[in-house]
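The values are calculated or read from the model by the stated rules, or taken from the named source; none is laboratory data. Here the structure is a predicted model, which is why all the values come from computation and not from measurement. Please note: Cβ atoms are built from the backbone with ideal geometry, for glycine as well, and neighbour counts cover all protein chains shown.
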């Protein structure tokens with residue numbers, strides 16, 4: 001295992017070329033060619049020849065050529081086969097030697113294994129046809145059955161059998177390669193799914209944190225600003241404002257604790273707030289604007305995710321109204337339709353000396369994301385026909 005890791009590190013750092021550290025790379029081809037040439041020289045030196053011809057030093061030249069062809073078995077299989085055929089014909093002119101044809105069999109196997117797939121059937125047919133032609137040609141030319149049989153058996157062993165053997169080996173390798181690619185694709189998809197799930201969860205948590213923390217802190221900031229302007233002017237109203245500040249602080253801490261508790265518990269549902277209908281009076285009381293509530297249609301229980309989204313939309317809209325138009329008015333309209341519920345919050349600019357509080361611009365984005373995830377429709381901006389309303393937030397949620 002350490003050796004494998006060292007090789008991988010070397011490839012990454014560039015210390016060793018990947019093609020030379022690969023066990024199927026050029027170094028192995030060179031090693032195979034040297035082994036075949038050495039073995040062939042040993043066969044020639046021992047004068048092992050199936051055809052009764054004596055070996056000489058010149059017989060090593062075709063052997064050397066076919067061994068050099070082995071160097072092309074992966075990078076250019078057909079070119080290597082052509083070089084091997086030239087070596088085989090050269091060897092036949094000198095008198096066939098067993099050493100050269102044994103190496104040629106290895107070359108034929110490699111060409112069938114590493115060459116183009118469409119070449120394999122033709123190579124198999126060519127090996128069978130050439131063996132039959134050579135066997136019959138030898139028999140009719142020499143009228144020697146034993147010699148013809150020896151040629152046929154030899155060519156079958158060194159040519160037909162290697163090519164035929166490469167077929168199942170190649171099929172196994174290709175199947176293994178497909179499985180490897182599929183496993184890599186599954187791993188990539190799993191990683192993408194994990195990253196997407198993490199991004200979705202981060203966005204979800206960002207929305208919740210914004211709604212839990214930013215809304216209450218914005219209300220605290222608005223009322224604190226108003227309290228500063230009333231110092232020494234109206235103590236009774238100052239006490240009311242300080243009460244609102246305290247209520248928002250307590251509510252913010254309570255929702256933060258509830259959020260932490262939900263995150264610590266196992267489960268997929270993240271519902272941090274109560275229902276919209278139950279929370280409307282509290283939201284209206286905690287807001288820094290005068291809020292009116294209108295319900296249209298027959299009220300009905302909403303799905304938890306829809307109810308939670310509606311609650312956050314009203315909460316964020318009232319917070320934005322308090323930040324950008326403190327002391328103004330806001331009208332919350334909850335309309336129950338047969339297949340959906342429509343939440344509308346209209347806010348108007350006041351004649352107030354309290355300066356607005358700048359926001360981070362995340363509220364509208366969070367509301368839009370909530371509605372989009374539920375398959376609803378969302379819009380926010382100044383209404384076209386209603387000049388009394390400075391800003392309108394409308395969300396239609398399927399229910």
For residue 50, which of the numbered conditions (1) modelled with pLDDT of 50 or more; (2) within 16 Å of residue 103 (Cβ to Cβ) fails to hold?
-> (1)
Which numbered condition residue 116 misses (of (1) surrounded by fewer than 19 Cβ atoms within 10 Å (Cβ to Cβ); (2) within 17 Å of residue 159 (Cα to Cα)) = (2)
Mind telling me which of the residues 120, 78, 71, 92 ends up being under 17 Å from residue 161 (Cβ atoms) and in a helix (DSSP H, G or I)?
-> 120
Could you tell me which numbered condition residue 266 fails, if it satisfies all but one of (1) assigned to a loop (DSSP other than H, G, I, E, B); (2) modelled with pLDDT under 70; (3) surrounded by 12 or more Cβ atoms within 10 Å (Cβ to Cβ)?
-> (3)
Got a sec? Which of 92, 68 is surrounded by fewer than 16 Cβ atoms within 10 Å (Cβ to Cβ), within 23 Å of residue 44 (Cα to Cα) and at pLDDT below 80?
-> 92
Within the stretch 367-389, can you find the residues that are closer than 22 Å to residue 291 by Cα and either buried (at least 20 other Cβ atoms within 10 Å of the Cβ) or at pLDDT 80 or above (or both)?
-> 367, 378, 379, 380, 381, 382, 383
Answer yes if at least one residue in the stretch 195-217 is modelled with pLDDT of 80 or more, over 30 Å from residue 317 (Cα atoms) and loosely packed, with under 10 Cβ neighbours inside 10 Å, and no otherwise.
-> no
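Please state which one of 132, 158, 153 is in a helix (DSSP H, G or I), at pLDDT below 80, in contact with a helix residue (DSSP H, G or I) (Cβ under 9 Å, 6 or more places away or on another chain) and at negative phi. First the steps, then the outcome.
Working: 132 fails: at pLDDT below 80; 153 fails: at pLDDT below 80.
Testing whether each residue is in a helix (DSSP H, G or I), at pLDDT below 80, in contact with a helix residue (DSSP H, G or I) (Cβ under 9 Å, 6 or more places away or on another chain) and at negative phi leaves just 158.
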Restricted to the stretch 342-366 and to residues being at pLDDT below 90 and touching a helix residue (DSSP H, G or I) at 6+ places or on another chain (Cβ under 6 Å), the residue farthest from residue 313 (Cα to Cα) is 354
Just one listed residue, out of 173, 207, is touching a residue at least 24 places away in the same chain (Cβ under 8 Å), outside the structural domain of residue 120 (by TED's automatic domain parsing), in contact with a helix residue (DSSP H, G or I) (Cβ under 8 Å, 6 or more places away or on another chain) and assigned to a helix (DSSP H, G or I), and it is 207
What are the pairs, 6+ residues apart or on separate chains, where a residue within the stretch 281-310 that is at positive phi and in contact (Cβ under 8 Å) with a residue 12 or more places away in the chain has its Cβ under 6 Å from a residue that is surrounded by fewer than 21 Cβ atoms within 10 Å (Cβ to Cβ) and in a strand (DSSP E or B)?
-> 297/335; 297/336
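Where residues in the stretch 288-326 are in a loop (DSSP other than H, G, I, E, B) and surrounded by 18 or more Cβ atoms within 10 Å (Cβ to Cβ), which of them is nearest to the chain's Cα centre (by Cα)?
Taking the stretch 288-326 first, the residues in a loop (DSSP other than H, G, I, E, B) are 288-289, 297-303, 325-326.
Now narrow it down to the ones that are surrounded by 18 or more Cβ atoms within 10 Å (Cβ to Cβ): 288-289, 302, 325-326.
Working: 288: 47, 289: 48, 302: 36, 325: 46, 326: 47 Å.
Selected residue: 302.
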Output the number of the condition that residue 149 fails; it satisfies all remaining conditions of (1) within 25 Å of residue 79 (Cα to Cα); (2) surrounded by 12 or more Cβ atoms within 10 Å (Cβ to Cβ).
-> (1)
Lone unmet requirement of (1) more than 20 Å from residue 153 (Cα to Cα); (2) surrounded by 17 or more Cβ atoms within 10 Å (Cβ to Cβ); (3) modelled with pLDDT under 85 for residue 56 | (2)
